[in-house]
Amino acid sequence: MPGGREGGARARAEEWADVVVVGGGLTGLAAAVRVARGAAGRRVLLLEAAGELGGRARTTEQDGYRLGLGPRALYRTARAQLRALGVAVPGRAPRLGGALALCDGALHPGYAAPGPLLRTGLLAPRERLAVARLLGLARPHPGLAGLDVEAWLGERLPTARARQAAFAVLRLSTYTGSPAMIGADALAAHFAEVRRGVTYVDGGWRTLVDALRARARSAGVRVRAAARVTAVEAGERPRVVIADGGAVRARAVILAGPARRTAWQLLDLDDAQPDPAGRPLRTACLDVALSRLPAPDRSLVYGVDEPLYLSVFSRTARLAPPGGAVLHLARYDDGAGLGPDEVRKRLYGLLDLCQPGWRDALVHERFLPRITTMTAVPQARHGGLRGRPGPEVPGRPGVYVAGDWVGPRGLLADACLLSAAQAAERALARL
Ligand SMILES: Cc1cc2nc3c(=O)[nH]c(=O)nc-3n(C[C@H](O)[C@H](O)[C@H](O)COP(=O)(O)OP(=O)(O)OC[C@H]3O[C@@H](n4cnc5c(N)ncnc54)[C@H](O)[C@@H]3O)c2cc1C
């Protein structure tokens, strides 16, 4: 059913699909599987700009070591969403018991688990109790709307030291380096989720991408890589334009790859309004493969007075050949504006401190100075989680958005998979 609007070569290149999904990361793959399963026999086409699927969930393999693009932990909501799609999540939960806290340049017993928290020498007894209450009971409630985490911690904790110590634990799973960056509702909801357990995935997140791709194929999704979408023209049947000159007309389109600003540009929508979805969050990551681990007892370290992180992922998940190790280090963006050389130096410093002699065992390393961890951090002044857009796009019937910046629930991959489900449901309703 090609449209008759354009003639010549353009019309000849036009195809037709029931649903087009743009983006082949976790969000797009999950959305495509849901649509194809919900509407057997319909034409579902997934377009991915890159040469391979996976987006930020890609995992590289070198000499038998699996390295994600930075550290990854899967939360309960994402696990449940994946299970609903028939995707198993092999892996285990990291042990917090042996964690260490880096403060004033020295390593101390960690306090992320309740027992060690009540004994930590980094806090006075009154501070320990207040931090333990906050970390143990934090959950979303209406009173947190409009508060950023700085204000929330200020209300709940008695001293600057207690606030710093609590945020050092809270930021681990959100990648926000400073408490002024994120809304309290989003962080409290996410931390409640984290308390229900995290999983480091065997084989890295490529395991999930491969399984989703297999599900997509068996459900009949047609996948096209190296197909960058350059526009989505409005109409009763939106028209998706591809960089190679081709076009696809569809009953419904799910934009599951581009960030909001790019999505609005593709849709030729006025973007004069300030972005309600919040600011992008970038993280510096150092991924390291070692042939042996110099100090096995230092496998999880988090900074208290600086947003640093080191985790030996291969202690928990299958990522390295026998005897070898895969480590992920990160420095979270705290607005300090450090250049990439300085950040790299600090990450090397952390590795020297925790794993002395690591250079002699180095197999592979990769430094990512500014990878996007979250497309848009939900901030109090933008309405927090409830202020996020989508999945409908105002003024564009039949076009839906999904991703980590969409919908009222979840952060990171949780938000991706929840919004993918919502967008797929809306697209199915158009068929
Ligand atoms: C360092 C790091 C650590 C993280 N840690 C965690 C964690 O511990 N837990 C967690 O839940 N999440 C974590 N995340 C976040 C999680 O990885 C992402 O939320 C998720 O992978 C994003 O999936 P996505 O499909 O929405 O986007 P992406 O993975 O970015 O994929 C989007 C895809 O769309 C394609 N695309 C874009 N524009 C177009 C276009 N115009 N045409 C065609 N294709 C297009 C891109 O090429 C890309 O392949 C982390 C992220 C990073 C970077």
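The values are calculated or read from the model by the stated rules, or taken from the named source; none is laboratory data. Remember, predicted model here, so these are calculated numbers, not experimental data. Positions of Cβ are generated from backbone atoms using ideal geometry, with glycine treated the same way; all protein chains shown enter the neighbour counts.
Selection of the range 42-53 for residues being in a loop (DSSP other than H, G, I, E, B) and near the ligand (Cβ under 9 Å from one of its atoms) yields Glu48, Ala49, Ala50, Glu52, Leu53. In the range 297-310 there is no residue that is buried (at least 23 other Cβ atoms within 10 Å of the Cβ), assigned by TED's automatic domain parsing to the domain that holds Ala225 and under 24 Å from Met181 (Cα atoms).
Identify all residues within the range 369-421 that are β-branched (Val, Ile, Thr) and in a loop (DSSP other than H, G, I, E, B); write none if there are none. If the condition is that a residue be β-branched (Val, Ile, Thr) and in a loop (DSSP other than H, G, I, E, B), then Thr375, Val377, Val393, Val406 are the ones that fit. Checking each residue in the range 386-409 for being charged (D, E, K, R) and closer than 18 Å to Pro140 by Cβ picks out Arg386, Arg388, Asp404, Arg409. Just a yes or no: is a residue in the range 272-285 within 30 Å of Ala39 (Cα to Cα), surrounded by fewer than 23 Cβ atoms within 10 Å (Cβ to Cβ) and within 12 Å of the ligand (Cβ to nearest atom)? No, the range 272-285 contains no residue that is within 30 Å of Ala39 (Cα to Cα), surrounded by fewer than 23 Cβ atoms within 10 Å (Cβ to Cβ) and within 12 Å of the ligand (Cβ to nearest atom).
Do we find a residue being assigned by TED's automatic domain parsing to the domain that holds Gly68 and among the charged types (D, E, K, R) anywhere in the range 417-425? Among the residues of the range 417-425, not one is assigned by TED's automatic domain parsing to the domain that holds Gly68 and among the charged types (D, E, K, R), which makes the answer no. Taking the conditions exactly as written (more than 16 Å from the ligand (Cβ to nearest atom), aliphatic (A, V, I, L, M) and crowded, with 22+ Cβ neighbours inside 10 Å), does Ala252 satisfy them or not? Judged against the criteria, Ala252 is a match. Taking the condition within 18 Å of the chain's Cα centre (by Cα) and either more than 16 Å from the ligand (Cβ to nearest atom) or on the phi < 0 side of the Ramachandran plot (or both), does Ala184 pass? Considered against the rule, which asks whether it is within 18 Å of the chain's Cα centre (by Cα) and either more than 16 Å from the ligand (Cβ to nearest atom) or on the phi < 0 side of the Ramachandran plot (or both), Ala184 comes out as no. Take the conditions (1) in contact with a Ser or Thr (Cβ under 8 Å, 6 or more places away or on another chain); (2) outside the structural domain of His328 (by TED's automatic domain parsing); Pro71 misses just one of them, which is (2). State which residue is surrounded by the most Cβ atoms within 10 Å (Cβ to Cβ) when the search covers only the range 374-389 and only residues that are in contact with an Asp or Glu (Cβ under 9 Å, 6 or more places away or on another chain) and closer than 17 Å to Ala259 by Cα. Per the stated criteria, the residue is Pro378. Do we have any residue at all in the range 255-269 that's in a strand (DSSP E or B) and of a type in the set (A, V, I, L, M, F, W, C)? Yes: the range 255-269 contains one or more residues that are in a strand (DSSP E or B) and of a type in the set (A, V, I, L, M, F, W, C). Contact annotation: residue pairs with Cβ atoms under 7 Å, 6 or more positions apart or on different chains, pairing a residue in the range 66-82 that is within 12 Å of Asp414 (Cα to Cα) with a partner that is of a type in the set (Lys, Arg) and away from the ligand (no atom under 11 Å from the Cβ), are Arg76/Arg196. If you filter the range 54-91 down to residues that are surrounded by 15 or more Cβ atoms within 10 Å (Cβ to Cβ) and charged (D, E, K, R), you find that the one that is farthest from the ligand (Cβ to nearest atom) is Arg66. Within the range 35-53, if we keep just the residues that are crowded, with 17+ Cβ neighbours inside 10 Å and either among the acidic types (Asp, Glu) or within 21 Å of the chain's Cα centre (by Cα) (or both), the residue that is farthest from Ile242 (Cα to Cα) turns out to be Leu53. Evaluated against (1) surrounded by 16 or more Cβ atoms within 10 Å (Cβ to Cβ); (2) farther than 30 Å from Arg381 by Cβ, Ala243 falls short on exactly one condition, (1).
Thr262: in contact (Cβ under 8 Å) with a residue 24 or more places away in the chain and not basic (Lys, Arg), yes or no? The answer is no for Thr262.
For the range 209-232, check the following and say yes or no: at least one residue is without any contact (Cβ under 8 Å) to a residue 60 or more places away in the chain, out of contact with any Gly (no Cβ under 7 Å at 6 or more places or on another chain), in a loop (DSSP other than H, G, I, E, B) and within 14 Å of the ligand (Cβ to nearest atom). Within the range 209-232 (the criterion being without any contact (Cβ under 8 Å) to a residue 60 or more places away in the chain, out of contact with any Gly (no Cβ under 7 Å at 6 or more places or on another chain), in a loop (DSSP other than H, G, I, E, B) and within 14 Å of the ligand (Cβ to nearest atom)), the answer is no, since none of the residues qualifies.
Of all residues in the range 373-403, those satisfying the criterion of being within 16 Å of the ligand (Cβ to nearest atom), under 19 Å from Ile182 (Cβ atoms) and touching a strand residue (DSSP E or B) at 6+ places or on another chain (Cβ under 6 Å) are Thr373, Met374, Val377, Pro378.
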